[in-house]
Amino acid sequence: MTQPKKLYIKTYGCQMNVYDSERMAEALGASGYVPTDAPEDADMILLNTCHIREKAAEKVYSELGRLKGLKAGNPDLKIGVAGCVAQAEGEEILRRQPLVDLVVGPQSYHRLPELEARARSGAKALDTDFPEEDKFDRLGARPKAQRGPTAFLTVQEGCDKFCAFCVVPYTRGAEVSRPAARILDEARALVDRGVAEITLLGQNVNAYHGVGPDGADWGLARLIRELARIEGLERLRYTTSHPNDMEDDLIAAHGDCPELMPYLHLPVQSGSDRILKAMNRKHTAEEYLRLIDRIRAARPDILLSGDFIVGFPGETDADFEDTMSLVRTVGYGQCYSFKYSPRPGTPAAEHDQLPEDVKSERLARLQALLNAQQEAAQQAMVGRTVGVLFEKPGRMPGQLVGKSDHLQAVHVNAPAELMGRIAPVRIVKAAPNSLGGELA
Ligand code: SAM
Ligand code: SF4
């Protein structure tokens, strides 16, 4: 018997990359690879990169530089770059870093076995196409192995919104939705393997419009309602959404579909209409606030999350105060906030940039407010009984850790048999990033 080859994947960035890394490992399983956690044992190292953060490409080049020693010690080691930096840099990676054998963009992961064979033969392998064929069809069924209770499932890829700061439309391409039947099959296969909670993923997930098994156009709400009928699938979530795609039936589903969890990540980026316009977000602050009112009317206990960018080109003190005021009005449970940083090739990168100290000062003030809101949301859970899906052992003996319906980490003394199951838990204490509870 030939020894299996070992694959080490380092994943950067969002949940979509986490899902893609799983699918890449599955695709390379067909070429005889098994996953390893130790890069020094690997026959192939793949960096699954993200282009959203500042100086993303430079960080990938320095990471590749650090792999030189491993390659020198094992000339058979193949090194690949995948993800959005691979898509954006393409051939330049092979030119700048000769130790790289393989470069693959997010739309070509189904071609990994061929690319790996090409790299093994000593050639350089590059594929950053946006191919005609359906990547997901070619990736095939999920493997039969039992797995943990939560999973990601990509339903939509790409983005047509072209926010002025964002590289996603360039690296992930135009919006494409997968056919609903394929998603339902993949969800059933995950549930058969022990999954109780699925998070539906897309760069713009609520823009999902896929063909249904009946030939009709299905929006995200229809898809969620059908997924909720799968026996054993207890919880559904979705991320990330754009405010303009929150359709009425999706808002209604938050009120009447018990499997859809009371948590929503709905980024607004800024509270200033002038900046929202410059960002090409195509809605006003007031429209966002009215939308939040409607979502809360459907599901009053929903925990809201968002993304903010401070220091976008042209942002004045007054614009920033509008953002602070929007945050105070909404009251978030959890948020991500960033200093604007220019991404080459995006419209906003061409404009005059604000001084770094202005951005830093605004970010610190915004984060202080968001942290206070998060702490208040955590405290508000004390005394409540919520469902917790147990995912792993805690640090203390006899303890399990899971996620509440509202996606908060909860530590509970609980028997190991509850692993992978949902149990009611009374929350007894709150810290900024986790809760403590007792089985109810
Ligand atoms: N599609 C999602 C949306 O519309 O909100 C998320 C896209 S992006 C992967 C995640 C977040 O990164 C964005 O919501 C934004 O706040 C942040 N981001 C993207 N480009 C940025 C930039 N040039 N500078 C700072 N933050 C940025
Ligand atoms: Fe980027 Fe999201 Fe805007 Fe699309 S909607 S361009 S992914 S920030």
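The one condition from (1) open to solvent by less than 30 Å² (accessible area, probe 1.4 Å); (2) of a type in the set (D, E, K, R); (3) modelled with pLDDT of 95 or more that residue 43 does not meet is (1). Hydrophobic (A, V, I, L, M, F, W, C), touching a Phe, Trp or Tyr at 6+ places or on another chain (Cβ under 6 Å) and farther than 30 Å from residue 192 by Cβ - does that describe any residue in segment 43-60? Yes, segment 43-60 contains at least one residue that is hydrophobic (A, V, I, L, M, F, W, C), touching a Phe, Trp or Tyr at 6+ places or on another chain (Cβ under 6 Å) and farther than 30 Å from residue 192 by Cβ. Of all residues in segment 272-300, those satisfying the criterion of being open to solvent by less than 50 Å² (accessible area, probe 1.4 Å), more than 16 Å from ligand 2 (Cβ to nearest atom) and either of a type outside the set (Val, Ile, Thr) or at pLDDT below 95 (or both) are 272, 285, 289, 298. Pairing each residue of segment 1-24 that is over 28 Å from residue 158 (Cβ atoms) and open to solvent by 60 Å² or more (accessible area, probe 1.4 Å) with any residue that is in a helix (DSSP H, G or I) and not β-branched (Val, Ile, Thr), provided the two are 6+ apart or on different chains, yields C-beta distances under 8 Å for 6/41.
Checked against the criterion of being of a type in the set (Val, Ile, Thr) and within 14 Å of ligand 2 (Cβ to nearest atom), segment 248-264 has no qualifying residue. When segment 410-420 is examined, which residues are found to be out of contact with any Phe, Trp or Tyr (no Cβ under 6 Å at 6 or more places or on another chain) and outside any loop (DSSP other than H, G, I, E, B)? Those that are out of contact with any Phe, Trp or Tyr (no Cβ under 6 Å at 6 or more places or on another chain) and outside any loop (DSSP other than H, G, I, E, B): 410, 411, 412, 413, 416, 417.
Annotation note: of 142, 222, 120, 138, the sole residue that is away from ligand 1 (no atom under 14 Å from the Cβ), under 20 Å from the mean Cα position of the chain (by Cα) and not small (Gly, Ala, Ser) is 142. Picking from residues in segment 197-255 that are among the charged types (D, E, K, R), part of a helix (DSSP H, G or I) and without any contact (Cβ under 8 Å) to a residue 40 or more places away in the chain, the one that is most open to solvent (accessible area, probe 1.4 Å) is 248. Whenever a residue of segment 163-175 is within 17 Å of residue 13 (Cα to Cα) and open to solvent by less than 10 Å² (accessible area, probe 1.4 Å), it has no partner that is more than 7 Å from ligand 2 (Cβ to nearest atom) and among the aromatic types (Phe, Trp, Tyr) lying with C-beta atoms less than 6 angstrom away and at least six residues away or across chains. Evaluated against (1) touching a Pro at 6+ places or on another chain (Cβ under 8 Å); (2) open to solvent by 10 Å² or more (accessible area, probe 1.4 Å), residue 180 falls short on exactly one condition, (2).
Considering only residues in segment 336-372 that are more than 15 Å from ligand 2 (Cβ to nearest atom) and open to solvent by less than 30 Å² (accessible area, probe 1.4 Å), the one that is farthest from residue 262 (Cα to Cα) turns out to be 359. Counting only residues that are surrounded by fewer than 19 Cβ atoms within 10 Å (Cβ to Cβ) and modelled with pLDDT under 90, segment 106-135 holds 6 of them.
The values are calculated or read from the model by the stated rules, or taken from the named source; none is laboratory data. All values derive from a computational prediction rather than experimental measurement. All Cβ positions, even for glycine, are placed from backbone atoms using ideal geometry, and neighbour counts span all protein chains on display. All accessible areas refer to the heavy atoms of the entire protein, side chains included, with ligands and DNA or RNA removed. Shrake-Rupley method; radii C 1.70, N 1.55, O 1.52, S 1.80 Å.
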